[in-house]
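Trainee: Sharing a structure with you now.
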Amino acid sequence: MLHKPLFRRADDLDEFVDLASVPRHRYIHNHPFVLRLRRAVEFDYVSISGLDIDRFRFGTGQSVDTDFPPAFIEAYYEARFHLTDPYVMASKNARDVVVEADVPKPEVPNERLNYLLETFNIKNRTLFPIRRGDVVYGGVGFTRSYPFDAEEIAFLKEVAPAAHNAITGRLMRRFAASELRLSTGEVLCLRLASRGLTSEQIALESGYQVDTVNTYIKNATKKVGASNRTQAIAEAIRRGLID
C-alpha cells in the first residue's frame, strides 16, 4: 500500500512541513500547462517524476506527479515495478528520448507488469530525461494508444524541461533549500550575489561580515554542486532556491 495518499491540488503543499512529508505520488488535476500541452500533442497520460535532490531523483519513485489512474499508480509502486521495469531501467542513464518499443525485452517477460499495463491501457510509453550534466534527475513521460511520430517527439523533447519545471517548480521552491541544508544566510547571500553585488556590498546589505559572506557563499556553492560563485547562482536559480 502507498504510505502517503494522493492529493490533487498544488495548494495542498501548504499542509506539509518538509519534502519527506509530501505524498510521493501526486495526481495532476487540470494543470494549466498540461492542458495546453495536450492541445498541442494528443496523449493519454503524462508522468513527471524526479527532483534534483538526493533520494528524490528519477527512478526512486519518491516524487511522481501524474494523471495515470490512481489504481495503476498504487499497484505499480506497491509491486515495486519502478525497480525492475525495463523501460525505467533504460531511462535512468538515457541521453535522449526513450521509446518503449525500442527498449530491449527481457528474456523472461514480467507477466504481472505486462498485465498491469494492458489492464490500464498504458501503451507506447515515451520518456524525455531531464538531466544535469551526467545525472538524470527527472523524467517527463507520455503514453498513447498509438505511437508518437517524429515531429511530435521533437516537439515534446523541446518542451519537456519546461513541463518538468512547471509541475515541480513550486515543490522545489518550497523545500529545496531545507533538503540541501542551506541556511537562511547562505540563501540570502546567494540571492544578493545574483543581483551582481560583491561580497563587500552583500555585507553592507545583509549586516554580515565580509568573511561571513564569503563563507556562506563558499558553503552554498558546495551544497548545490557548483564549482564557483557564478555556477552556484545559476544552480540556485535553476533549482528554485532563489528567483
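The values are calculated or read from the model by the stated rules, or taken from the named source; none is laboratory data. Source: prediction; values computed, not measured. Every residue, glycine among them, receives a Cβ derived from its backbone with ideal geometry; neighbour counts consider all protein chains shown. For accessibility, only protein heavy atoms count, side chains too; no ligands or nucleic acids. Shrake-Rupley method; radii C 1.70, N 1.55, O 1.52, S 1.80 Å.
Trainee: Looking at segment 18-74, which of the residues that are acidic (Asp, Glu), within 26 Å of TYR146 (Cβ to Cβ) and in contact with a Lys or Arg (Cβ under 8 Å, 6 or more places away or on another chain) is surrounded by the fewest Cβ atoms within 10 Å (Cβ to Cβ)?
Mentor: Going through segment 18-74, the residues acidic (Asp, Glu) turn out to be 18, 42, 44, 52, 54, 65, 67, 74.
Okay, now just the ones that are also within 26 Å of TYR146 (Cβ to Cβ), so 42, 44, 65, 67.
If we keep only those that are in contact with a Lys or Arg (Cβ under 8 Å, 6 or more places away or on another chain) as well, we get 42, 44, 65.
On the way: GLU42: 12, ASP44: 17, ASP65: 23.
Among those residues, the one meeting the criterion is GLU42.
Trainee: Please determine whether any residue of segment 125-144 is under 18 Å from HIS82 (Cβ atoms) and basic (Lys, Arg).
Mentor: Within segment 125-144, the subset under 18 Å from HIS82 (Cβ atoms) is 125-130, 135-143.
So of that shortlist, the ones also basic (Lys, Arg) come out as 125.
Yes, because at least one residue in segment 125-144 is under 18 Å from HIS82 (Cβ atoms) and basic (Lys, Arg).
Trainee: In segment 146-200, how many are under 30 Å from LYS123 (Cα atoms), open to solvent by 20 Å² or more (accessible area, probe 1.4 Å) and of a type in the set (A, V, I, L, M)?
Mentor: So the count comes out to 7.
Trainee: Something else: Among the residues of segment 201-237 satisfying the criterion of being of a type in the set (Ser, Thr, Tyr) and within 24 Å of GLY169 (Cβ to Cβ), which is least open to solvent (accessible area, probe 1.4 Å)?
Mentor: First, the residues of segment 201-237 that are of a type in the set (Ser, Thr, Tyr): 206, 208, 212, 215-216, 221, 227, 230.
Cutting the leftovers down to within 24 Å of GLY169 (Cβ to Cβ) gives us 221, 230.
Working: THR221: 15, THR230: 104 Å².
Selected residue: THR221.
Trainee: Return the residue satisfying two criteria in turn: it lies in segment 83-115 and is open to solvent by less than 20 Å² (accessible area, probe 1.4 Å) and more than 19 Å from PRO147 (Cα to Cα), and of such residues it is nearest to the chain's Cα centre (by Cα).
Mentor: ALA94
Trainee: Of the numbered conditions (1) outside any strand (DSSP E or B); (2) at pLDDT 95 or above, ASN93 fails exactly one; give the number of that condition.
Mentor: The failed condition is (2).
Trainee: Would you check which residues across segment 154-181 are within 19 Å of LYS92 (Cα to Cα) and of a type in the set (A, V, I, L, M) and list them?
Mentor: Across segment 154-181, the qualifying residues are LEU156, ALA160, ALA163.
Trainee: For segment 189-221, which positions are under 17 Å from ILE237 (Cβ atoms), without any contact (Cβ under 8 Å) to a residue 24 or more places away in the chain and of a type outside the set (S, T, N, Q)?
Mentor: Residues satisfying the conditions are LEU192, ARG195, GLY196, LEU197, ILE202.
Here's the yes/no breakdown for (1) in a helix (DSSP H, G or I); (2) among the small types (Gly, Ala, Ser); (3) out of contact with any strand residue (DSSP E or B) (no Cβ under 9 Å at 6 or more places or on another chain):
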residue	(1), (2), (3)
ALA154	yes, yes, yes
LYS157	yes, no, no
ALA166	yes, yes, no
ARG170	yes, no, yes
GLU205	yes, no, yes
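Trainee: Something else about it: How many residues are part of a helix (DSSP H, G or I) and of a type outside the set (Val, Ile, Thr) if we restrict to segment 106-139? Steps first, please.
Mentor: Let us first name the residues in segment 106-139 that are part of a helix (DSSP H, G or I), namely 111-119.
Subset that is of a type outside the set (Val, Ile, Thr): 111-118.
The qualifying residues number 8.
Trainee: May I ask you to verify whether ALA166 is modelled with pLDDT of 95 or more and under 30 Å from GLU15 (Cβ atoms)? Don't jump to the end; show me each part of the working.
Mentor: Numbers: modelled with pLDDT of 95 or more: no; under 30 Å from GLU15 (Cβ atoms): yes.
So ALA166 fails the test.
Trainee: Select from segment 135-158 the residues that are aliphatic (A, V, I, L, M) and under 19 Å from THR66 (Cβ atoms) and list them in ascending order.
Mentor: Step one: filter segment 135-158 for residues aliphatic (A, V, I, L, M), giving 135-136, 140, 150, 153-154, 156.
Once the filter is applied, which keeps residues that are aliphatic (A, V, I, L, M) and under 19 Å from THR66 (Cβ atoms), segment 135-158 yields VAL136, VAL140, LEU156.
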